[in-house]
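Structure first, then comments.
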Amino acid sequence: MMIGYPCSNLTVGCSASRTFRLASFSPERLSETVNASLDCLETILQWNADHGIGFFRISSDTVPFASHPVMTVDWRAEFGSRLAEIGSFVRRHGMRLNCHPGQYILLNAPNEEIVARSIAELDYTAALFDLMGLDHTHKMQIHTGGVYGDKPAAIARFIERYHQLPEPIRRRLVIENDERQFSLADNLAIHEATGIPLLFDVFHHSLHHNGESIGEALDRFMPTWDGHGLPSMDYSSQNPDKQAGAHTVSVRLDDFGSFFEQLGDRDVDIMLEIKDKEASVLAVQRWLASRTAGNPAAVAG
DNA sequence: TCTGGTCAAGGTGGT
DNA sequence: ACCACCTTGACCAGA
């Protein structure tokens, strides 16, 4: 089991998700920005290695505008060797990376142009992993998409488009249950038709489900990962000061503890979607260590 | 140097 | 009809 965090580290003092406005695009600006982001990504991964953190989400802005028509630069050639070095570090340390392309990825949109732009963006993300030399267990997670007033039709369109995806995308793509539209049960139907692994977001599940307990949900999502590495989850909890669905500022160990009880001896990688990032990962690591020390039998295996 | 408005893209629910 | 939210903050113009 590895505990991870997304995109930025608040300790190291740099950002690995630098970008710029579309209007500011130039080849020079691109080089400067991407190289600075990759410098920081190396810093973060080293920091992670030093702190025993093996799971990390890279920003979908690692190469800004990579799938946009403005991109005339051969970014794969320009940054390929740096990405290969980073990938080599990741493999050497037994780390796992993940990426979460944005809300504009809609494989089941009725509009074919939106689908084409979505595939272009996924193609870029898959290329990042390919250039890093990372295998298909390093996943790109997206939401299933829009409902467009007819969920069965939206699911059917997703399945149809999935079968047409280029292999570098298909082997890394996973879908996540969301808090409003596509529940775990909806995604299971898609999994049965496609074999796509399902990334389980336990917080979204608590807000939108079909009556399954957490234990039942875990037992259903985990087998969808056969052959894809350790099943991967997103974890957050409710920010008590904000509207339902808002992520908490810092991990609530009581809430995590009750989740961990339900997890039992199941082995998963857990991405903490929490505002204070690596601080919560360290807090969970300390909690797990103290729990193991206090009750060795409980976490064995 | 600081800050508030704005940023490629779409869908959805709330006002 | 419009705005905020989601992904995750970061850029940038103007003071």
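The values are calculated or read from the model by the stated rules, or taken from the named source; none is laboratory data. Note that this is a predicted model, so its numbers are computed, not measured. Note that we place each Cβ from the backbone using ideal geometry, even for glycine, and neighbour counts take in every protein chain shown. Calculation scope for accessible area: heavy atoms of the full protein, side chains included, ligands and nucleic acids excluded. Shrake-Rupley method; radii C 1.70, N 1.55, O 1.52, S 1.80 Å.
Structure notes:
- When A:Arg161, A:Arg91 are compared by accessible surface with a 1.4 Å probe, the order from highest to lowest is A:Arg91, A:Arg161.
- Between A:Ile114, A:Ile190, A:Ile142, the GNM of chain A built on Cα springs shorter than 10 angstrom shows A:Ile114 fluctuating the most.
- Projecting the Cα atoms of A:Leu22, A:Val73, A:Leu10 onto the dipole axis of the stretch A:1-90, where Lys and Arg carry +1 and Asp and Glu carry -1 at the beta carbon, places A:Leu22 farthest toward the positive end.
- Lone cysteines, chain A (no partner Cβ under 4.7 Å): A:Cys7, A:Cys99
- Candidates A:Arg18, A:Arg29, A:Arg220: whichever shows maximal mean-square fluctuation once chain A is modelled as a Gaussian network with Cα springs under 10 Å: A:Arg29
- Counted charge near A:Met233, where neighbours are those whose Cβ lies closer than 12 Å (Asp, Glu -1; Lys, Arg +1): -4
- Cα-centre dipole for the stretch A:81-202 with unit charges at Cβ (Lys and Arg positive, Asp and Glu negative), debye to 20: 400 debye
- Residue with peak Gaussian network fluctuation, chain A [Cα springs, cutoff 10 Å], from A:Tyr124, A:Tyr235, A:Tyr104: A:Tyr104
- Restricted to Cα atoms, chain A shows a radius of gyration and a Dmax of 19.1, 58 angstrom.
- Electrostatic dipole magnitude of chain A [Cβ: Lys, Arg +1; Asp, Glu -1; Cα centre; debye, to 20]: 340 debye
- Solvent-accessible area of the stretch A:1-90 (1.4 angstrom probe, protein heavy atoms only): carbon and sulfur portion equals 49 percent.
- Computed helical MRE - 222 nm, chain A, DSSP H runs ≥ 4 contributing -39500 (n - 2.57), nearest 500: -14500 deg cm²/dmol
- Those aspartates and glutamates that a straight Cα-Cα span of less than 15 Å connects to A:Lys139, excepting residues fewer than 8 apart in one chain: A:Glu121, A:Asp123, A:Asp130, A:Glu167, A:Glu176, A:Asp201, A:Asp226, A:Asp234, A:Asp269
- Annotation: the antiparallel percentage among DSSP beta bridges lying fully within chain A is about 5.
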